[in-house]
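Encoded as structure tokens, the structure appears first; notes follow it.
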Amino acid sequence: MSPTDQKLLTVRGLQKSFGANQVLTSVDLTVARGTVLALIGPSGSGKTTVLRCLNGLEIADGGTISIVGADDSRHAPVTIDFAAAHGTRAGVPKKALTNLRDQSAMVFQHYNLFPHKTVLENVMEGPVVVQRRDRAEVEAEALALLERVGLSDKRDSYPFELSGGQQQRVGIVRALALRPTLLLFDEPTSALDPELVGDVLRLIKELAAEGWTMVIVTHELEFAREVATEVAFVDGGTIVEHGDPKEMLRNPKHERTRQFLHRLLFPF
Amino acid sequence: MTDSTWQLLLDSLWPMIHGAITGTIPLALSSFAIGLVLALALALMRLSRRRWLSSIARVYISLVRGTPLLVQLFVIFYGLPSLGVVIDPWPSAIIAFSINVGGYAAEVIRAAILSVPKGQWEAAYMIGMSHRRALTRIILPQAARVSVPPLSNTFISLVKDTSLASLILVTELFREAQQVAAFSGQFMALYLEAALLYWVICLVLSSGQGVLEKRLDRYVAH
């Protein structure tokens with residue numbers, strides 16, 4: 001087995017309800033190292049919930065999530081059986097949940113930068129305060145990352161002083177600085193003005209080219225076609241169709257996928 | 001007003017200022033500090049998912065806000081001795097005022113914590129923080145900014161309410177005024193002088209509030 005087709009993430013039978021509303025009926029998913037998986041689907045289909053379960057922001061009611069991490073202790077392999085946890089946060093072993101969370105870093109739709117901290121402090125908070133890494137080393141790494149996204153001159157700015165596109169690039173740098181094995185993007189460009197979308201998508205494309213493993217919830221079909229190595233269509237709380245983006249977006253097999261793509265391409 | 005009234009006002013000015021410095025101000029500051037700690041604990045209890053904790057806090061807040069401060073003060077100073085608990089005037093006053101501030105400020109702090117967007121908790125968890133760390137490093141600093149104006153109101157009310165301590169024999173600004181007034185019979189002049197002094201203290205506090213808000217505003221868009 002070559003390193004590139006090694007499974008990094010395995011999701012089996014994931015279920016999640018909010019009250020009487022079953023958002024995820026059963027989700028199965030495997031993500032190999034280096035994969036860029038785009039999750040597409042209508043709003044309310046459950047695609048964002050899948051992403052949030054992967055980071056432990058939502059606790060699934062059933063099913064399992066396994067991540068094969070790296071060799072260091074922070075990224076040790078972890079498997080969580082949510083049925084055994086009875087769908088409650090308290091039911092999941094704390095260590096396993098922390099371990100799951102440490103594996104991935106998320107970029108949020110609304111950036112969720114810390115407004116009371118500068119750009120540099122936003123990026124350094126996790127590595128220094130949580131991971132207890134050396135401050136000088138983290139700062140050098142954070143500045144290099146900011147430099148790379150063209151924001152090193154904003155290091156001492158507060159988030160409100162930045163445009164949406166700049167804030168989202170800081171959000172991505174904050175995620176990268178955590179040194180995750182898996183990057184999660186929740187509609188990273190949905191809150192941006194159209195002319196600012198390009199910068200953020202270009203950056204994600206660069207990260208894909210570098211070999212980062214990513215799961216991206218997106219409405220940008222062109223982007224999914226060009227950058228993703230796999231695409232999954234989520235509808236009714238399950239993955240309806242999963243395949244190669246170029247093939248699937250041109251020639252969807254499933255009727256529901258076809259209808260969804262048609263609506264996106266011809267909105268009126 | 002006669003010259004002798006002016007002289008009386010001038011002569012009583014220092015005892016009153018002295019009463020403010022040694023009575024009113026330290027009483028207000030210490031009660032506010034203790035009250036805030038109590039309020040933070042009560043706010044967190046109110047927000048707790050454990051129902052019994054939040055119920056205790058709810059009852060406490062309801063009792064404090066539903067009874068007069070003067071009654072609370074009298075229960076502690078004049079009431080408790082009949083149960084064998086005798087507390088000196090000063091500690092009695094501090095206990096009563098702290099309990100009172102705790103009740104009022106708890107609701108302010110609770111609302112301020114709830115005003116921080118849910119996405120801030122999620123971002124904090126995302127970077128690996130525990131609940132406690134997310135609270136202290138991400139949520140409370142933002143809640144502090146929101147709660148400065150209402151807490152300033154609480155503090156200013158407290159400064160004026162400390163005059164009630166004169167009724168349990170604490171020597172502070174108002175008790176000094178009362179003593180001179182009773183002795184000289186110049187009630188109007190002396191009580192107006194006391195009012196003026198309270199007003200000056202509150203003006204200083206209001207400008208302090210402005211400075212604090214400005215400092216905390218550095219990360220907020222204008």
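The values are calculated or read from the model by the stated rules, or taken from the named source; none is laboratory data. Here the structure is a predicted model, which is why all the values come from computation and not from measurement. Using ideal geometry, Cβ is built from the backbone for each residue, glycine included, and neighbour counts are taken over all protein chains shown.
Which of the numbered conditions does A:His110 fail, given that it passes all the others? Conditions: (1) more than 11 Å from chain B (Cβ to nearest Cβ); (2) under 14 Å from the mean Cα position of the chain (by Cα); (3) not small (Gly, Ala, Ser).
All conditions pass for A:His110, except number (1).
Given the condition more than 26 Å from A:Gly171 (Cβ to Cβ) and in a strand (DSSP E or B), answer yes or no: does some residue in the range A:81-90 qualify?
We begin by selecting, within the range A:81-90, every residue more than 26 Å from A:Gly171 (Cβ to Cβ); these are A:81-88, A:90.
Retained after the next criterion (residues that are in a strand (DSSP E or B)): A:81.
Yes - at least one qualifying residue is present in the range A:81-90.
With more than 14 Å from chain B (Cβ to nearest Cβ) and either surrounded by 13 or more Cβ atoms within 10 Å (Cβ to Cβ) or at pLDDT 95 or above (or both) as the only criterion, which of A:Ala140, A:Ala105 stands out?
A:Ala140
May I ask you to verify whether A:Arg132 is within 14 Å of chain B (Cβ to nearest Cβ), at pLDDT 90 or above and under 30 Å from A:Ala224 (Cα atoms)?
Numbers: within 14 Å of chain B (Cβ to nearest Cβ): yes; at pLDDT 90 or above: yes; under 30 Å from A:Ala224 (Cα atoms): no.
No; evaluated as a whole, the condition is false for this residue.
Taking the range B:164-222 only, how many residues are closer than 22 Å to B:Leu151 by Cβ and part of a helix (DSSP H, G or I)?
24
Given the criterion under 27 Å from B:Arg215 (Cα atoms), modelled with pLDDT of 95 or more and away from every other protein chain (no Cβ under 14 Å), identify the matching residue among B:Val59, B:Val101, B:Val71. Please lay out each step first, then the result.
Numbers: B:Val59 fails: under 27 Å from B:Arg215 (Cα atoms); B:Val71 fails: under 27 Å from B:Arg215 (Cα atoms).
Just a single option satisfies the conditions, and that option is B:Val101.
Tell me which of these A:Glu222 doesn't satisfy, since it passes every other one: (1) under 19 Å from A:Leu265 (Cβ atoms); (2) in contact with a strand residue (DSSP E or B) (Cβ under 7 Å, 6 or more places away or on another chain).
Every condition holds for A:Glu222 apart from (2).
If you scan the range B:123-146, which residues turn out to be under 29 Å from the mean Cα position of the chain (by Cα) and facing chain A (nearest Cβ under 8 Å)?
Within the range B:123-146, B:Arg133, B:Arg137, B:Ile138, B:Pro141, B:Gln142, B:Arg145 meet the criteria.
Tell me, which helices (runs of 4 or more DSSP H) wholly within the range B:7-109 include 2 or more residues that are loosely packed, with under 15 Cβ neighbours inside 10 Å and charged (D, E, K, R)?
By residue number, B:51-66.
Name every residue in the range A:100-153 that is of a type in the set (Gly, Ala, Ser) and either touching a Pro at 6+ places or on another chain (Cβ under 6 Å) or part of a helix (DSSP H, G or I) (or both), in order of residue number.
A:Ser104, A:Ala105, A:Gly126, A:Ala136, A:Ala140, A:Ala142, A:Ala144, A:Ser152
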